[in-house]
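Colleague: Sending over a structure as C-alpha coordinates; questions will come in a sec.
The values are calculated or read from the model by the stated rules, or taken from the named source; none is laboratory data. Note that the structure is a prediction, hence the values are computed from the model and not measured. As a convention, Cβ positions derive from the backbone with ideal geometry for all residues, glycine included, and neighbour counts pool all protein chains shown. Accessible surface areas use protein heavy atoms only, side chains included; no ligands, DNA or RNA. Shrake-Rupley method; radii C 1.70, N 1.55, O 1.52, S 1.80 Å.
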Amino acid sequence: MSLVLYDAPRCPYAARVRIVLAEKGIEVDVVEIDLSDRPDWLYEKNPAGRVPVIEEDDRPLAESVVIMEFLEERYPEPALLPPDPADRAAVRLLIFRDDELTDPYYALRRGEEGAAEQFDAALARLDVQLSERDFLGGAEFGLADIAFVPWILRARDMLGVELDGYPSLGAWLARLEQRPAIAAEVGVVAAL
Ligand SMILES: N[C@@H](CCC(=O)N[C@@H](CS)C(=O)NCC(=O)O)C(=O)O
(Lines give C-alpha, C1' and ligand atoms only; values in the text may rest on other atoms or scores of the structure.)
Protein backbone atom coordinates (compact mmCIF):
# COMPACT_ATOMS: atom_id res chain seq x y z
CA MET A 1 0.00 0.00 0.00
CA SER A 2 1.45 3.40 -0.95
CA LEU A 3 0.69 6.62 0.87
CA VAL A 4 1.52 10.11 -0.41
CA LEU A 5 1.00 13.38 1.45
CA TYR A 6 0.66 16.59 -0.56
CA ASP A 7 1.97 19.01 1.99
CA ALA A 8 3.03 22.59 2.68
CA PRO A 9 5.16 23.34 5.75
CA ARG A 10 3.42 26.63 6.48
CA CYS A 11 -0.07 25.11 6.44
CA PRO A 12 -1.55 24.42 9.90
CA TYR A 13 -4.16 22.10 8.38
CA ALA A 14 -1.38 20.04 6.82
CA ALA A 15 0.38 20.15 10.22
CA ARG A 16 -2.54 18.20 11.70
CA VAL A 17 -1.88 15.40 9.24
CA ARG A 18 1.91 15.53 9.73
CA ILE A 19 1.41 15.16 13.49
CA VAL A 20 -1.02 12.21 13.18
CA LEU A 21 1.36 10.45 10.77
CA ALA A 22 4.29 10.98 13.15
CA GLU A 23 2.34 9.90 16.24
CA LYS A 24 1.34 6.67 14.54
CA GLY A 25 4.74 6.10 12.93
CA ILE A 26 3.20 5.87 9.46
CA GLU A 27 5.60 5.99 6.54
CA VAL A 28 4.55 8.34 3.78
CA ASP A 29 6.03 9.92 0.68
CA VAL A 30 5.79 13.69 0.92
CA VAL A 31 5.24 15.97 -2.07
CA GLU A 32 5.72 19.60 -1.11
CA ILE A 33 3.34 22.01 -2.82
CA ASP A 34 4.32 25.63 -3.45
CA LEU A 35 1.05 27.33 -2.47
CA SER A 36 2.00 30.50 -4.33
CA ASP A 37 2.41 28.54 -7.57
CA ARG A 38 0.17 25.49 -7.27
CA PRO A 39 0.43 22.83 -9.96
CA ASP A 40 -2.71 22.35 -12.07
CA TRP A 41 -2.78 18.64 -11.21
CA LEU A 42 -3.49 19.47 -7.56
CA TYR A 43 -7.08 20.36 -8.61
CA GLU A 44 -7.53 16.82 -9.90
CA LYS A 45 -6.71 15.53 -6.43
CA ASN A 46 -8.68 18.21 -4.60
CA PRO A 47 -11.03 20.48 -6.61
CA ALA A 48 -10.49 23.17 -3.95
CA GLY A 49 -6.80 23.19 -4.88
CA ARG A 50 -5.82 23.02 -1.22
CA VAL A 51 -3.44 21.02 0.91
CA PRO A 52 -3.40 18.71 2.74
CA VAL A 53 -4.30 15.86 0.43
CA ILE A 54 -3.40 12.29 1.25
CA GLU A 55 -3.39 9.63 -1.41
CA GLU A 56 -3.61 5.94 -0.64
CA ASP A 57 -3.00 3.80 -3.72
CA ASP A 58 -4.03 6.59 -6.13
CA ARG A 59 -7.19 7.52 -4.16
CA PRO A 60 -6.80 11.16 -3.10
CA LEU A 61 -8.52 12.40 0.04
CA ALA A 62 -8.77 16.05 1.11
CA GLU A 63 -9.78 17.94 4.27
CA SER A 64 -7.58 17.66 7.33
CA VAL A 65 -10.35 16.48 9.68
CA VAL A 66 -11.48 13.76 7.27
CA ILE A 67 -7.85 12.70 6.76
CA MET A 68 -7.21 12.53 10.52
CA GLU A 69 -10.27 10.29 10.97
CA PHE A 70 -9.24 8.13 7.99
CA LEU A 71 -5.75 7.63 9.45
CA GLU A 72 -7.25 6.82 12.86
CA GLU A 73 -9.36 4.06 11.31
CA ARG A 74 -6.69 2.75 8.92
CA TYR A 75 -3.97 2.77 11.59
CA PRO A 76 -5.82 2.33 14.91
CA GLU A 77 -2.67 2.10 17.06
CA PRO A 78 -1.81 4.15 19.00
CA ALA A 79 -5.39 5.35 19.39
CA LEU A 80 -5.91 9.10 19.10
CA LEU A 81 -9.63 9.03 19.90
CA PRO A 82 -11.02 7.92 23.28
CA PRO A 83 -12.80 4.54 23.41
CA ASP A 84 -16.20 5.76 24.63
CA PRO A 85 -18.59 7.04 21.91
CA ALA A 86 -19.71 10.01 24.03
CA ASP A 87 -16.08 11.04 24.60
CA ARG A 88 -15.35 10.61 20.87
CA ALA A 89 -18.38 12.77 20.06
CA ALA A 90 -17.12 15.48 22.45
CA VAL A 91 -13.76 15.49 20.63
CA ARG A 92 -15.52 15.75 17.25
CA LEU A 93 -17.67 18.63 18.50
CA LEU A 94 -14.61 20.54 19.67
CA ILE A 95 -12.93 20.05 16.31
CA PHE A 96 -16.17 20.91 14.45
CA ARG A 97 -16.02 24.30 16.17
CA ASP A 98 -12.34 24.92 15.43
CA ASP A 99 -13.21 28.22 13.76
CA GLU A 100 -13.71 29.66 17.25
CA LEU A 101 -9.89 29.67 17.34
CA THR A 102 -8.96 29.85 13.68
CA ASP A 103 -11.20 32.80 12.72
CA PRO A 104 -9.65 35.10 15.36
CA TYR A 105 -6.19 33.75 14.42
CA TYR A 106 -6.57 34.72 10.76
CA ALA A 107 -8.13 38.06 11.73
CA LEU A 108 -5.06 38.70 13.90
CA ARG A 109 -2.74 37.72 11.07
CA ARG A 110 -4.55 40.15 8.77
CA GLY A 111 -4.14 42.84 11.43
CA GLU A 112 -7.89 43.45 11.75
CA GLU A 113 -9.18 45.79 14.40
CA GLY A 114 -10.30 43.99 17.56
CA ALA A 115 -8.62 40.75 16.47
CA ALA A 116 -6.15 40.68 19.37
CA GLU A 117 -9.04 40.82 21.87
CA GLN A 118 -10.94 38.10 20.00
CA PHE A 119 -7.87 35.88 19.86
CA ASP A 120 -7.24 36.47 23.59
CA ALA A 121 -10.84 35.42 24.29
CA ALA A 122 -10.33 32.22 22.28
CA LEU A 123 -7.14 31.45 24.23
CA ALA A 124 -8.98 32.16 27.50
CA ARG A 125 -11.71 29.65 26.54
CA LEU A 126 -9.09 26.98 25.86
CA ASP A 127 -7.33 27.86 29.12
CA VAL A 128 -10.54 27.23 31.09
CA GLN A 129 -11.08 23.89 29.34
CA LEU A 130 -7.48 22.88 30.06
CA SER A 131 -7.77 23.85 33.72
CA GLU A 132 -10.30 21.00 34.01
CA ARG A 133 -8.38 18.30 32.14
CA ASP A 134 -4.86 17.58 30.92
CA PHE A 135 -5.74 17.36 27.24
CA LEU A 136 -8.49 18.91 25.16
CA GLY A 137 -10.18 15.55 24.61
CA GLY A 138 -9.91 14.42 28.24
CA ALA A 139 -7.25 12.54 30.17
CA GLU A 140 -5.33 11.36 27.11
CA PHE A 141 -3.57 13.16 24.26
CA GLY A 142 -5.36 12.85 20.93
CA LEU A 143 -7.01 14.33 17.87
CA ALA A 144 -8.48 17.35 19.69
CA ASP A 145 -5.00 18.46 20.76
CA ILE A 146 -3.60 17.78 17.31
CA ALA A 147 -6.42 19.76 15.69
CA PHE A 148 -5.72 22.91 17.71
CA VAL A 149 -1.98 22.96 18.44
CA PRO A 150 -0.80 24.07 14.95
CA TRP A 151 -2.47 27.49 15.41
CA ILE A 152 -1.26 27.89 18.99
CA LEU A 153 2.34 27.20 17.92
CA ARG A 154 2.09 29.60 14.98
CA ALA A 155 0.49 32.29 17.17
CA ARG A 156 3.33 32.00 19.71
CA ASP A 157 6.26 31.53 17.36
CA MET A 158 5.21 33.57 14.30
CA LEU A 159 2.78 36.21 15.57
CA GLY A 160 4.54 36.75 18.91
CA VAL A 161 1.43 36.04 20.99
CA GLU A 162 2.32 35.86 24.68
CA LEU A 163 0.87 32.78 26.42
CA ASP A 164 1.95 33.69 29.99
CA GLY A 165 -1.56 34.83 30.88
CA TYR A 166 -2.96 31.36 30.16
CA PRO A 167 -1.24 29.01 32.64
CA SER A 168 -3.26 25.89 31.85
CA LEU A 169 -2.82 26.41 28.11
CA GLY A 170 0.90 26.99 28.64
CA ALA A 171 1.23 23.81 30.72
CA TRP A 172 -0.68 21.87 28.04
CA LEU A 173 1.64 23.19 25.34
CA ALA A 174 4.70 22.25 27.40
CA ARG A 175 3.28 18.71 27.79
CA LEU A 176 2.64 18.48 24.06
CA GLU A 177 6.10 19.76 23.15
CA GLN A 178 7.63 16.77 24.91
CA ARG A 179 6.15 14.54 22.21
CA PRO A 180 8.52 14.04 19.24
CA ALA A 181 5.66 14.61 16.75
CA ILE A 182 4.89 18.04 18.22
CA ALA A 183 8.58 18.92 18.70
CA ALA A 184 9.06 18.19 14.99
CA GLU A 185 6.25 20.62 14.14
CA VAL A 186 7.88 23.27 16.37
CA GLY A 187 10.95 22.76 14.16
CA VAL A 188 8.87 23.14 10.97
CA VAL A 189 7.46 26.44 12.27
CA ALA A 190 10.92 27.69 13.29
CA ALA A 191 12.17 27.10 9.75
CA LEU A 192 9.34 29.02 8.03
N1 LIG B 1 -10.58 22.87 5.26
C2 LIG B 1 -9.29 22.56 4.72
C3 LIG B 1 -8.44 23.82 4.69
C4 LIG B 1 -7.10 23.61 4.00
C5 LIG B 1 -6.46 24.94 3.64
O6 LIG B 1 -7.06 26.02 3.80
N7 LIG B 1 -5.22 24.86 3.14
C8 LIG B 1 -4.56 26.06 2.69
C9 LIG B 1 -3.14 26.17 3.19
S10 LIG B 1 -3.10 26.29 4.95
C11 LIG B 1 -4.50 26.07 1.19
O12 LIG B 1 -4.22 25.06 0.56
N13 LIG B 1 -4.73 27.25 0.63
C14 LIG B 1 -4.71 27.46 -0.77
C15 LIG B 1 -5.97 28.14 -1.19
O16 LIG B 1 -6.85 28.40 -0.36
O17 LIG B 1 -6.11 28.43 -2.35
C18 LIG B 1 -8.63 21.45 5.56
O19 LIG B 1 -9.00 21.31 6.74
O20 LIG B 1 -7.80 20.70 5.05
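Colleague: At 0.36 nm per residue, minus the direct Cα-Cα distance, what do A191 and A121 gain on full extension? Give it in nm, one decimal, please.
Modeller: 22.4 nm
Colleague: What accessible area per residue comes out for segment 3-74, rounded to a whole number of Å², with a 1.4 Å probe?
Modeller: 51
Colleague: Still on this structure: Within segment 80-134, list the trypsin sites (Lys or Arg not before Pro) lying in a DSSP loop whose Cβ has at most 11 other Cβ atoms in a 10 Å radius.
Modeller: R97, R110
Colleague: Work out from phi, with θ = phi - 60° and the Karplus expression 6.51 cos²θ - 1.76 cosθ + 1.60, the ³J(HN,Hα) of each residue of segment 42-47, listed in order in whole Hz, and give x for Gly and Pro.
Modeller: Values, residue by residue: 4, 5, 6, 8, 8, x Hz.
Colleague: Percent of alpha carbon pairs in segment 41-114 separated by more than 19 Å?
Modeller: Looking at segment 41-114, the distances longer than 19 Å represent 54 percent of pairs.
Colleague: Find out how many positive minus negative residues lie around N46, taking Lys and Arg as positive, Asp and Glu as negative, among other residues whose Cβ is under 11 Å from that of N46.
Modeller: 0
Colleague: Moving on to the next point. Which whole-Hz couplings ³J(HN,Hα) result when phi for each residue of segment 69-80 is put into the Karplus expression 6.51 cos²θ - 1.76 cosθ + 1.60, θ = phi - 60°, listed in order with x for Gly and Pro?
Modeller: Each residue of segment 69-80 in turn: 5, 4, 5, 4, 6, 6, 10, x, 10, x, 5, 10 Hz.
Colleague: Here is a further query. Whenever you get a sec, compute what percent of the accessible area on segment 1-145 sits on carbon and sulfur atoms (1.4 Å probe).
Modeller: 48
Colleague: Further question on the same structure: Starting from the residue with the highest accessible area, list S2, S36, S131, S64 in decreasing order, probe 1.4 Å.
Modeller: S36, S131, S2, S64
Colleague: A further question follows. For the chain, what does the helix formula give at 222 nm: sum of -39500 (n - 2.57) over DSSP H segments with n ≥ 4, over the residue count, nearest 500 deg cm²/dmol?
Modeller: Calculated from helices alone, the mean residue ellipticity at 222 nm is -17000 deg cm²/dmol.
Colleague: Can you give me the P(r) profile for segment 85-180? Cα pairs, bins 10 angstrom wide beginning at 0, each as a whole percent.
Modeller: 16, 51, 28, 4, 0
Colleague: In Å², and per residue, what accessible area does segment 85-180 have when probed at 1.4 Å with the other protein chains present?
Modeller: 51
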